[in-house]
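Let me begin by presenting the structure, written as structure tokens, before commenting on it.
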Amino acid sequence: MISLQRLKPAFWNHADDPGNYSGLNLKRKWKLIVLLTSILALSPLIIMTLVDFNLTRRTIETESNTRMLNSLHTLAGIMAASLSQNPSTGSALDLWQDAFHQLNTGPDNDLFLVDASGHLVTPSFHYDRESGQATLDTRLFTQTGGIVDWQTPDGTAVLAGYARIPGTPLTLVQLRQADWLKDLWLKPRLKLLWFLCVSILLILLSIMGMATYLVGRIHASERRRIEALHHEEHANRLASIGRLASGVAHEINNPLDIINQKTGLMIDLLTLGKEKSPDQRLLPLAEDVLDAVKRCGTITRQLLGFARHMEPSVEPVDIEEVVSQVLALVETDAHHRNIAIQVSPIPAVPGFECDRSSLLQIFLNLAENAITAMASKGILTIDVSREKTDQVTITVSDTGKGISPEDLPKIFEPFYSSRNDRWGAGLGLAITYGLIQEMGGDIMVKSVVGKGTRFVLTLPVKATRPPASDGSLHLPGSGIPVEPTSKDTPQGAMHVTKQK
Amino acid sequence: MGLKILLVDDEQDFVETLSERLQMRDMDSHAVFDGKTALAQVQSHPPQVMIIDLKMPGMDGIQVLRQVKQTHPCIRVIILTGHGSEQDRKICMDLGASAYFQKPVDIDELNAAIRQGPGNGPPNPSGADDFNHSFNTGCRQT
């Protein structure tokens, strides 16, 4: 069964497989190809064989019938000649005895004589001498010779040849079992039939093999195409979010500064002005407004920063700032789901550089992933540490539902998603993996079902290589090397190594 | 009266308030609402410091900055915008702006930038040259 499972092509069972999207039912296509090609290839072969079969049978039947009739007529001629010299029943019986021995008779090759009234003159293997008349075909007594099919009283289908002995009322009858002819043509044909069956099997196998190969190729290219499409869609989505964010931030900045200056003027009037303040509470109130304006300013600046760093470029990055930017983006969602976010103090990493937007995206994907895994209630922990001088270790863990050991190796594959909705396209972790790979980093997952999941990523302090020049992300294929970590890691721990 | 300042911004409400606040800080500030008026004002009553918004109908802030720097290199220009990108910032600094602020701006920071001159902003040798030039050659006009 295992080997059968392995033989099954990738497109066979996945109705929701991305390669089977866009109305391409590849399983049905495969069946259609196999059916049509089989019909085209096999029908001439089968038809030719059948025609040959029938032709051979008919030729042999006709030939042997003629031969049987001829020999009966010859025998009847000889008997007639003898009887004309000595016309008595006794001599007829003698003649019959001779012929009987000559023809090597038996139950399958019966020979007897009947007279004009239908009575058997000689014994028969199939008929009694007394009751024979009623069951014999009447044609025997009216015609001079021929071949007919009939059934004997004991139920055997026979081929009956008969010839009138000229000058006498007697008719010579030979009965042969109907299927005796089969031996003549069927046996050699059976060998051919075997040969036909083996060739049909080979042809079918090769057709199936070719169809599987072709449809497999279609499936693979379709999958690649859709992966690229999804990737583009994702990139476009990010870019439009960026444009929207910067547009909103810009438009808000102007009215925000009007509030800022007007309130500032109020404070100025209260502090620098000559008149005495009408109410002592006005000044702190105005200062509160200014504080709120400052907070709004921070948010719009963060939005602008998020939008600005859409193009990959290696630059010095403050991890703390990136983390706070991500938290600002996921905080509301986390709050709605009753999820607490814990961030341990982030150590300063002088000289840390990478593509800022990539780091932002990685944090965002991991944080969103963690929040989704928890659904409601839980703790999202982000921890940044520096265990080696040239490496930064970032841990993002949740107390969510966890990932089963079977699913664990698949989570970085594109289109793997535990969510069923269409936009949980299952690209988040694949993109994360690609980004980390581009940075020259490494990611490790530990998960216990029901307890939670922990992603541990290590990034080099100095970017080892520049991001892809075309700005594209490299999604991992299905062949991500996944190997179990050492035995002391928790259940379901997997380590995804860097691809060279 | 203190420094002569010309504010250029199409947001009238904003620029008038800011002007008033600067006046309260002993500056001779005056607000105009578009680039053309600003350039005319520079010709007739050249200020010492200009505060310019980048995005304005008609002539935009970068054009105003370029023309002012061509005709009056000794006027210090501070850019104050709600639409600033990293690229805009670079262009402005290359054109000789002394400082670049993103709205909403803190009045004390702006005040400091106006009084201290180009040293307050990011390192900008050309701006510093202009500043020194204006003092050394006496191109400062009244």
Practice item. Scan A:A245, A:A249 and give me the residue that is more than 12 Å from every other protein chain (Cβ to nearest Cβ), aliphatic (A, V, I, L, M) and open to solvent by less than 30 Å² (accessible area, probe 1.4 Å). Key: A:A245
Check your understanding: Which of (1) in a strand (DSSP E or B); (2) within 14 Å of chain A (Cβ to nearest Cβ) is the odd one out, the single condition B:L6 does not satisfy?
Key -> (2)
Review point. Somewhere in region A:222-242, is a residue of a type in the set (G, A, S), in contact with a helix residue (DSSP H, G or I) (Cβ under 8 Å, 6 or more places away or on another chain), farther than 30 Å from B:Q23 by Cβ and within 14 Å of another protein chain (Cβ to nearest Cβ)?
Key: yes
Check your understanding: When you look at A:H309, is it in contact with a Gly (Cβ under 6 Å, 6 or more places away or on another chain), within 14 Å of another protein chain (Cβ to nearest Cβ), modelled with pLDDT under 80 and surrounded by 19 or more Cβ atoms within 10 Å (Cβ to Cβ), yes or no?
Key -> no
Study note, to complete from the structure: When restricted to B:G82, B:G2, the only residue open to solvent by less than 10 Å² (accessible area, probe 1.4 Å) and of a type outside the set (K, R) is B:G82
Review point. For B:L54, are the conditions met, namely being surrounded by 16 or more Cβ atoms within 10 Å (Cβ to Cβ), at pLDDT 90 or above and either within 13 Å of the chain's Cα centre (by Cα) or not in a strand (DSSP E or B) (or both)?
Key: no
Exercise for review: For region A:259-269, state whether one or more residues are out of contact with any Pro (no Cβ under 8 Å at 6 or more places or on another chain), open to solvent by 60 Å² or more (accessible area, probe 1.4 Å) and outside any helix (DSSP H, G or I).
Suggested key: no
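Per-residue answers, yes or no, for (1) open to solvent by less than 50 Å² (accessible area, probe 1.4 Å); (2) not in a helix (DSSP H, G or I):
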position: A:D154; (1), (2): no, yes
position: A:G161; (1), (2): yes, yes
position: A:K182; (1), (2): no, no
position: A:L193; (1), (2): no, no
Review point. Does at least one position in region A:243-252 carry a residue that is closer than 30 Å to A:V293 by Cβ, at pLDDT 85 or above and over 40 Å from the mean Cα position of the chain (by Cα)?
Key: yes
Check your understanding: How many residues are hydroxyl-bearing (S, T, Y) and farther than 19 Å from A:T212 by Cα when one looks only at region A:34-61?
Key -> 4
Point to revise | Single residue of A:V314, A:V293, A:V343 found to be under 30 Å from A:E232 (Cβ atoms) and either more than 14 Å from every other protein chain (Cβ to nearest Cβ) or buried (at least 18 other Cβ atoms within 10 Å of the Cβ) (or both) | key: A:V314
Revision key, fill the gap. Restricted to region B:17-44 and to residues being at the interface with another protein chain (Cβ under 9 Å from one of its Cβ atoms) and assigned to a helix (DSSP H, G or I), the residue modelled with the lowest pLDDT is B:M24
Review point. Of the residues A:S71, A:S82, which single one is out of contact with any strand residue (DSSP E or B) (no Cβ under 6 Å at 6 or more places or on another chain), open to solvent by less than 50 Å² (accessible area, probe 1.4 Å) and polar (S, T, N, Q)?
Key: A:S82
Exercise for review: Filter region B:92-106 down to residues that are more than 9 Å from chain A (Cβ to nearest Cβ) and either at pLDDT below 90 or open to solvent by less than 40 Å² (accessible area, probe 1.4 Å) (or both), then give me how many there are.
Suggested key: 8
Check your understanding: Quick one: is B:L65 open to solvent by 10 Å² or more (accessible area, probe 1.4 Å), hydrophobic (A, V, I, L, M, F, W, C) and over 16 Å from A:E251 (Cα atoms)?
Key -> no
Revision key, fill the gap. Among (1) modelled with pLDDT of 75 or more; (2) more than 10 Å from chain B (Cβ to nearest Cβ), A:T300 falls short only on (2)
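The values are calculated or read from the model by the stated rules, or taken from the named source; none is laboratory data. Note that the structure is a prediction, hence the values are computed from the model and not measured. Virtual Cβ from ideal backbone geometry, glycine too; neighbours counted across all protein chains shown. Just so you know, the surface numbers come from the protein's heavy atoms only, side chains and all, with ligands and any DNA or RNA stripped out. Shrake-Rupley method; radii C 1.70, N 1.55, O 1.52, S 1.80 Å.
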